[in-house]
1. Whenever you get a sec, line up Asp207, Asp141 from highest to lowest accessible area (probe 1.4 Å, protein heavy atoms).
2. What accessible area per residue, rounded to a whole number of Å², is obtained for the range 91-227 using a probe radius of 1.4 Å?
3. If you stretched the chain out fully between Arg26 and Thr199, how much longer would it get, using 0.36 nm times the residue separation minus the C-alpha to C-alpha distance?
4. How much length is gained if the chain between Phe50 and Asp186 is pulled fully straight, taking 0.36 nm per residue apart and subtracting their Cα-Cα distance, in nm to one decimal?
5. Of all the Cα-Cα pairs you can form in the range 179-227, what percent are over 14 Å apart?
6. In Å, what Rg and Dmax follow from the Cα atoms of the range 1-116?
7. Please work out how much accessible surface Thr117 shows to a 1.4 Å probe, ignoring ligands, DNA and RNA, in Å² rounded to 10.
8. Cα centroids of the range 12-90 and the range 122-187: how far apart, whole angstrom?
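The values are calculated or read from the model by the stated rules, or taken from the named source; none is laboratory data. Keep in mind it's a predicted model, so treat the numbers as computed, not measured. All Cβ positions, even for glycine, are placed from backbone atoms using ideal geometry, and neighbour counts span all protein chains on display. SASA here: full protein model, heavy atoms, side chains in, ligands and nucleic acids out. Shrake-Rupley method; radii C 1.70, N 1.55, O 1.52, S 1.80 Å.
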Amino acid sequence: MGIPYANLDEFAAARRAMVEKQISKRGVASQRVLDAMLSVPRHEFVPDQFRANAYADKPLPIGEGQTISQPFMVGAMTEALELTGSERVLEIGTGSGYQSAVLSLLAREVISIESHTSLALAAQERLGRLGYANVYIHNGDGSLGFPDAAPYDAILITAAAPEIPPLLVSQLSEGGRLVIPVGSQDNQELLQARKNGGTLNSRVLFDCRFVPLLGRYGWSRPDRKSS
Ligand code: SAM
C-alpha cells in the first residue's frame, strides 16, 4: 500500500524544516547541497518503524548494527567534497543509500561500496526504484577502494577509520578531495583532504562520531556497539 498524500505533504514539510534548521542554519552554505537534500526523500531510506523520525536531528538504525547518518553530517560531508557536477565520486559505506542519492544529484557518477551484503542489495533496489540511475553499488571491503573504476575526483568515507586508507589516496585524482572521519572507535575528527602534487594535505573540519570502518585498512572488529 502506498503512503497517503497527507503523509507525503508532511514528509515534504519535515524535509524543508530539516534543511533550514539542521543544515543551513548550522553553516552548510552551498545552495546545490541544500537543494539536493530538499529533493531526496529521506523517509524512503529508513526502516518503516523509524519513518516518523526520518527527518529528525540524529542518526537512525538501518539494520546490521549500522546507521543512516545524521542529516547535518550528510550535508557537511557533501559540501566538503566541493562537487560541481562533472565528478566521478567514490563512496565507502553505502548503508541505506541516502548519502549516495544526495551525491548522485551533485556529480556525474557515484560508485559506492558496502561490506554488508544485505545492506548493499537493499540500497541497490531502493536507489533503482527511486530512479537514481547514476549510482553503482558494489559489495566488498571499501577500505581497499575500488581500483577498477579509479581514479576518482572525490572520495567520501562514511565510517570511522584509524587512518586514511593508503589505497584510497592512490585512487584519488590530482586536485581531488577526500573526506573521512579519522580517530578512535569512540571519537573522530572529520578531515577534508586535497591531493596536490601527489601528496595529501588535510584540515580538520570538526569532531564527530561514526560507526567503525572494518576491513583491511579499517578495524578488524567493532570495539563495542557504536551509535
Ligand atoms: N552513507 C550511509 C547512509 O547514507 O545510509 C551511512 C553509512 S553508515 C554510517 C557506515 C557504513 O559503512 C555501514 O553501512 C557499514 O556497513 C559500512 N562499512 C563499514 N566498513 C566498511 C568497509 N570496509 N567497506 C564498505 N563498507 C563498510
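1. Values: Asp207 120, Asp141 50 Å².
Accessible-area ranking of Asp207, Asp141, largest first: Asp207, Asp141.
2. Numbers: 5850 Å² over 137 residues.
Accessible surface, normalised per residue, equals 43 Å².
3. Details: separation 173, 0.36 × 173 = 62.28 nm, distance 3.11 nm.
Gain on stretching Arg26 to Thr199: 59.2 nm.
4. Values: separation 136, 0.36 × 136 = 48.96 nm, distance 2.47 nm.
Using 0.36 nm per residue and subtracting the Cα-Cα distance, I get 46.5 nm.
5. Values: 645 of 1176 pairs.
Distances greater than 14 Å cover 55 percent of the Cα pairs.
6. 13.8, 39
7. That residue has around 70 Å² of solvent-accessible surface.
8. Cα centres, the range 12-90 to the range 122-187: 17 Å.
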